[in-house]
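Worksheet: the structure to be examined is printed underneath.
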Amino acid sequence: MAVPQQPNETAADVAFGVARDAPPALIVADQLSKAFPNPDGTRKLAVRQLSLSVAPGEIYGLLGPNGAGKTTTLRMISGLLQPTEGRVLIDGQDVARFPLAVKRKIGYLTANTGLYARLTPRELLDYFGTLYGMAREARRRRIGELAEYLGMGDFLGLRCGALSTGQRQRTNIARALIADPPVLILDEPTLGLDVLSNRLILRLIQSQAQQGKAVLLSTHALDEIEVLCRRVGLIHRGALLAEGDLDALWQRTGRTRLSEVFLHLVGADEPLLAH
Amino acid sequence: MSRFSRINTIWRKELIDLLRDRRTVIAMVLVPMVLYPALMLGSLQALEVQQALLGTEVYNVAVESRPAQLWTQQVIQEDASLLARSAPETGPAAPDAAQEHSARQRSEQRPPPFRVFVVADIEAAVRAGDVHVALRFHGAPPERLAPPALDAMGIELIYDGSDVRSRDFAAPGLSGILQRHGAALVRERLRAQNLPESFVQPVAITERNIAPPERMSGAVLGQIVPLILIVMTITGAIYPAIDLTAGERERGTLETLVVAPVPTIELIVGKFIVVTLIGLLSAVLNLASIGGTIYLGGVGDTLTRGGEFVFPLTALPLIFVLLVPLAVMFGAILLAVCSFARSFKEAQNYVVPVMMAALIPAVVGILPGTRLEGPIVVMPVANIVVLTRDLFLGRFDYAAIAWVLLSTSLYGAAAIAVAARLFGQEAVLFADAGSLRTLFQRRFFVPRMAPSAATALLVLALAYTLNFYLQQALARSGLNTEALLIGLAAILALMYGLGPWAAARYLRINVPSAFALRPPTAAGWAAAALLGCSTWVLTIGYVVFQSQHFPVDSAVQRHAQDFERELNGLSPVLVVLTLGLIPAFVEEWFFRGFVLSGLRSGLGKVPAVLIVALAFGLNHYSAHRIVQTTALGLLLGILAVQYRSIWPAALAHALHNGIAILSHRPDGLQPLLESLGLVLDEKAGVPAVWLIGGGVLCAAGVVLALLQRQGRTEVHR
């Protein structure tokens, strides 16, 4: 159904059904496609015409099986990959045209992000703070805040190479948050973490959203999505199968669990064999 | 945050990170500290010990008969007692202290002990290694030591050249004994006849080496040190280059770095500074260690074969200066190569060919006859090797030093540009983002309106070097002047015309846009005409000034005058076309078109015009023309950027060249100019009125061009 276009509405507003009175979305992906060239000259379409938007204060969950195109989508949104088609706006700025200005507004984190093993978390955070243009005093204050919030006091002065998985991921999160960016892009941030670290990070994501940040979260942990997100997008073979409020999805599919919704949508919802 | 403070942050962090890695410190500090003392002291001392042992071994001599055995034994004994009586330092055979002497010469002067055997088949005995040397007497050996009266005897000395004992000890030792015996006989006979020694030695030759010990030591060091410095600069830079690119990718830190708000070029420059710094430090530590080992370890005397060893300290500061562009070039090349690799292991594989590729020109450089001239001046690595050797010998040719520094820096800049282009590539960044092959296949290139700064620099470095080699080849071909001119124009058209065009087509760069082919405004043509009609007279004025204050070598001057006379004998159309119009168009097409549009997209207008002007100046491969050609390049660059077109620059360049050529020709503009009071004579100089007129026209052209910019900005507002 065509949405009536108001005089000042942008194309992106219309495409995503963003109401005029809603705050403008901090993340807008508009008809993103990404094709990777194969050596034989053919192209592999990793993402096709994917659109989504995330408003301030919102946590948007991006779900999908392995190889569905989640990571590619997140990389395009954070400016690491150039879309073959479509565009990304962060806080109204086009990623392709203003890559540096946009990167300043993004905190980006993946499960397999490495740390500089020979630097301490304090040095690492200070380094990234400098790259984000923060003054010395601001860096010092921010490192103190993050260390306290993430419980990093014990290992702030140790070399990153000597940290445990949980400590490492906390350092990584602190790195993503060092410049207090309005947009967070998190790719499987809790992968491989124990329950305690997991809980700490989920709380942090919630608190960041409460501060008005737009969070785009990709994960396999569907229970995390159910707890954190109001809106989700289900991605399969590079395309967005369904998108919207969780309540609406449950109503539409008649399923009560996200995993069932997903299996239903991809047409693979045969029940498991009984014992 | 400024670009410089970001780069500053990056390189300092990378340096701290690397220096905390034990492997870097080991490769950089421990290897040179341990390697040279171990290698030089150890191997040289081992060699000396072995030589000493071989010198005291008893060697076996085979002869065919008993009388021959007796005679040989007698001669050997006589020689031994003679040598024992006369101390070697004062004896006639004493060597000059500074003279080189090999194991063979030493054996000749201080023969080892011998045992003489009678063997039936002496050749077979030598061949089998049963004896070290054999003597065959032509005619029977005399019963006494001396052959009677004026008879002469022939002795054939048979040895095995493949056996070091036979070749370097037994044969020269025995030969020395026999020669001394012969010389003693001569003296005896002369005495018997009451004749002086000069009777048989009418020409007495004494050799005197006037090279001071410092230079002799420099000659030795010049053979060893440059190669070590090349190898060690690369070795030092390899580990950081891999660690900061492929290593970073492998550890998963690259993604976070690329997602930070820092342009790729700044990341690469930060990393490049560290790689270069460590390569440089490594080379300096190696140099210091070589110096220390030679100086403190007493290896110098062994290297100079007994001569006094003096380390040529005066050469050191310049060698350090030369190391900088060398480290810059290798740092950049290694970074470019490693940026391409996705893992440490892959990078190590890529680095091996770089090392090999660097060693080939290095070996060309250390060949004894290689001199710093012709293509060697711009041949990467080889030029540094030859120059370092020259510096050790105390030869300081500052023009050559400048060329080597400039050309090496240019290659470094091109390599760093390539590194920046590769570093941020998706296919390199993420293994799942497609094959690396796609980086080179045309169908995957994104169409562009102008080349990137990296591409422009790379094409510049390639075209510049190839053009130089081809011009040199042509100059040595022995063609007549007419064919030479046509050949030069053809090379220029090929290298600067067709080459960049093909590169643009291959890289899917829009040709009219990249070569700035859009038609200019009328004001553009006017500014071009003003410049083109004035720069030639200013250039001539400057040349007169330069020749008065910095006179050109008379041979070069004569050569130039001969060439000018030859040109005057040729058709003016041919000369103007090949030396004036074709270069004018082709050079504008390349320098103010392709290179300028590439550099201004990455560096901004002013740096781009300056760099292109300097490249244009260097392109004339002459130190005496660099000032005027660079200045002309600057003016042409202003025209090109202000009118966003090469046509005004091409017109100005063509007018400049055309008038400059015709002004020297009796069948051209010379009579007209002379009737107007301009006599082109280097001694007379250019009349002030002409210089002022030229200056005013030139300034008017520049002002007109600069006004264009103000008008354009207002329209934008």
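Here are the numbers for the structure shown:
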item: DSSP-loop chymotrypsin sites (Phe, Trp or Tyr not before Pro) across region B:303-398, with at most 16 other Cβ within 10 angstrom; result: B:Phe396
item: B:His138/B:Phe117 FRET efficiency (R0 22 Å; Cβ-Cβ; nearest 0.05); result: 0.65
item: 5 angstrom amide H check on A:Leu62, placed H, neighbours 5+ away; result: A:Leu217, A:Ser218, A:Thr219, A:Gly233
item: Neighbouring partner chain Cβ atoms per residue of B:247-259, average, 10 Å criterion; result: 6
item: Two-site label geometry, B:Ser81 and B:Thr314: point separation in nm, points 7 Å out along Cα→Cβ; result: 5.4
item: Inter-chain shielding of A:174-182 (mean C-beta neighbours from other protein chains, 10 Å cut-off); result: 1
item: Packing-based exposure ordering (other Cβ within 10 Å, fewest first) of A:Ile205, B:Ile224; result: B:Ile224, A:Ile205
item: Linear extension gain, B:Asp553 paired with B:Leu494, 0.36 nm per residue minus alpha-carbon span; result: 18.0 nm
item: Difference of contour (0.36 nm per residue) and Cα-Cα distance, B:Ala38 to B:Phe396; result: 125.6 nm
item: CD proxy at 222 nm, helix term only [per DSSP H run n ≥ 4: -39500 (n - 2.57); per residue of chain A; nearest 500]; result: -10000 deg cm²/dmol
item: Segment A:Gln206-A:Ala248, length gained on full extension (0.36 nm per residue, minus Cα span); result: 12.9 nm
item: Of the trypsin sites (Lys or Arg not before Pro) in region A:96-187, those whose Cβ has at most 11 other Cβ within 10 Å and which sit in DSSP loop; result: A:Arg97
item: Dimensionless Rg over Rh [chain A; C-alpha; Kirkwood]; result: 0.98
item: Chain B: angle of helix B:316-339 to the longest principal axis, Cα-based, in degrees nearest 10; result: 70
item: Separation of the A:Arg237 and B:Ala288 label points, Cα + 7 Å toward Cβ, nm; result: 6.5
item: 3J(HN,Hα) from dihedral phi, region B:210-218, Karplus parametrisation 6.51/-1.76/1.60, rounded to Hz, x for glycine, proline; result: 9, 5, x, x, 4, 6, 4, 5, x
item: Hits among aspartates and glutamates - C-alpha to C-alpha of B:Lys271 under 20 Å, sequence gap 8 or more where chains match; result: A:Glu123, A:Asp126, B:Glu14, B:Asp17, B:Asp21, B:Asp243, B:Glu248, B:Glu250, B:Glu255, B:Glu346, B:Glu426
item: Rounded to whole Hz, the Karplus (6.51, -1.76, 1.60) HN-Hα couplings of region B:33-40, x for glycine and proline; result: 5, 9, 4, 5, x, 5, 5, 6
item: Debye log10 I(q)/I(0) at q = 0.09 Å⁻¹ for the protein assembly as shown, Cα point scatterers; result: -1.09
item: Stokes-Einstein D for region B:1-63, Kirkwood Rh over Cα pairs, 10 °C, 1.306 mPa s (µm²/s); result: 97
item: Segments B:225-237, B:489-501 sorted - mean Cβ within 10 Å per residue, highest first; result: B:225-237, B:489-501
item: Cβ neighbours within 10 Å from other chains - mean over B:9-17; result: 4
item: Expected 222 nm ellipticity per residue - DSSP helices of 4 or more, -39500 (n - 2.57), all of chain B, to 500; result: -20000 deg cm²/dmol
item: For the protein assembly as shown, share of DSSP beta bridges that run antiparallel, in % to the nearest 5; result: 50
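Every number here is computed from the coordinates shown, using simple stated rules; none is lab data. Note that this is a predicted model, so its numbers are computed, not measured. Heads up, the Cβs are rebuilt from the backbone with ideal geometry, glycines too, and the neighbour counts pull from every protein chain shown.
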